1. Cβ-Cβ distance below 9 Å, separation of 6 or more or different chains: which pairs start in the range 91-109 with a residue that is closer than 29 Å to Val246 by Cβ and at pLDDT 95 or above and end on one that is among the small types (Gly, Ala, Ser) and not in a strand (DSSP E or B)?
2. State all residues of the range 148-159 that are small (Gly, Ala, Ser) and in a strand (DSSP E or B); if no residue qualifies, say none.
3. I'd like the full set of residues that are within 19 Å of the chain's Cα centre (by Cα) and surrounded by 19 or more Cβ atoms within 10 Å (Cβ to Cβ), limited to the range 107-126.
4. For Gln162, are the conditions met, namely being touching a Gly at 6+ places or on another chain (Cβ under 6 Å) and assigned to a strand (DSSP E or B)?
5. Looking at (1) surrounded by fewer than 18 Cβ atoms within 10 Å (Cβ to Cβ); (2) touching a Phe, Trp or Tyr at 6+ places or on another chain (Cβ under 7 Å); (3) farther than 17 Å from Asn78 by Cβ, find the lone condition where Thr196 falls short.
6. Please go through the range 211-265 and give me each residue that is under 19 Å from Arg83 (Cβ atoms) and of a type in the set (A, V, I, L, M), ordered by number.
7. Based on what the data block shows, is Asp123 among the charged types (D, E, K, R), out of contact with any helix residue (DSSP H, G or I) (no Cβ under 7 Å at 6 or more places or on another chain), closer than 21 Å to Tyr210 by Cβ and in a loop (DSSP other than H, G, I, E, B)?
8. Select, from Arg132, Arg145, Arg154, Arg136, the only residue that is in contact with a helix residue (DSSP H, G or I) (Cβ under 9 Å, 6 or more places away or on another chain) and either without any contact (Cβ under 8 Å) to a residue 40 or more places away in the chain or surrounded by 14 or more Cβ atoms within 10 Å (Cβ to Cβ) (or both).
Amino acid sequence: MSRALLAASFCTMVLFPAVASADDRTLDATPAIAQNVPAGPPDTQADAPVLNNRMLDGAAPYGNPIEDDRIYVHGIFNQLEGRIGDDAYLRWEGQGWIGNDYNKLWVKTEARYNADGKKKVSDGDHELLYDRPISRFYNLQAGVRYDLDSAPGRAWLAAGIQGLAVGFFNVEATAYASTSERFAFKTNASWDFRFTQRLMLQPQLETNWYTKSERARGVGSGLSDIDSGLRLRYEVSRKFAPYVGVSYQQFFGKTADLKRQDGSSTSDVRALVGLRTWF
């Protein structure tokens, strides 16, 4: 009898803990839903929280879109200067645009007053262009040009590029076509070397080319002229910057021949004083 009781006690001690452990393992293996525990992140997009611009307050990447269709207006006179010497004269070169980041309407104008000492406007070049970016640094421009000054006028179709070249050079290159198979080409480049945030030196060079001579406007075929300058500018403010410097103009080829026939010089070096301003 005693042997039987000992055997029963031994079985109770061995088997009951094993059953309890098995029950614990069964409980642990029960799905989380059965235990009232959250089942983890939602499996579908419909269950995800809804984010909006107000909640994120403009934070990327779900923030407010960039307003790149707003209309802006900008105008600048890069050159508004008196060139000092025999028969001092006024020279201006300016441009402005209205539009958004992708589509702009440009206006460009340049001319001289009293360059020949006769109180007349010469070298008039006025353009109306449509402008659209074609890369990160360059814009394509196309439209019309009209040479309006004291000489007989001429109309041209225009197409070219304007932008920022390697080395932070501001560049323009435009081709023109007119009646009677007349073509022209114009380039302009400048660069700002900064001594300080306000004081800078700007070299600048413009060239003009024509395929046919036109005596009434004083231009000959080939390379007609270059107009260059070196301007030391001080920005009292970003919008108001007086400058001093020197300009050099040289006529070439048949244009130089026309100048000689009129008794004019084929080269001109002058001191200058002017103002660069924009809005």
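The values are calculated or read from the model by the stated rules, or taken from the named source; none is laboratory data. Since this is a predicted model, take the numbers as computed values, not measurements. We place every Cβ from the backbone using ideal geometry, glycine too, and count neighbours over all the protein chains shown.
1. Going by the 9 Å Cβ cut-off, the qualifying pairs are Arg91/Ala115.
2. Residues satisfying the conditions are Ala155, Ala158, Ala159.
3. Across the range 107-126, the qualifying residue is only Lys108.
4. no
5. Thr196 satisfies every listed condition except (2).
6. Result: Ile226, Leu230, Leu232, Ala241, Val244, Val246.
7. Answer is no for this residue.
8. Arg154
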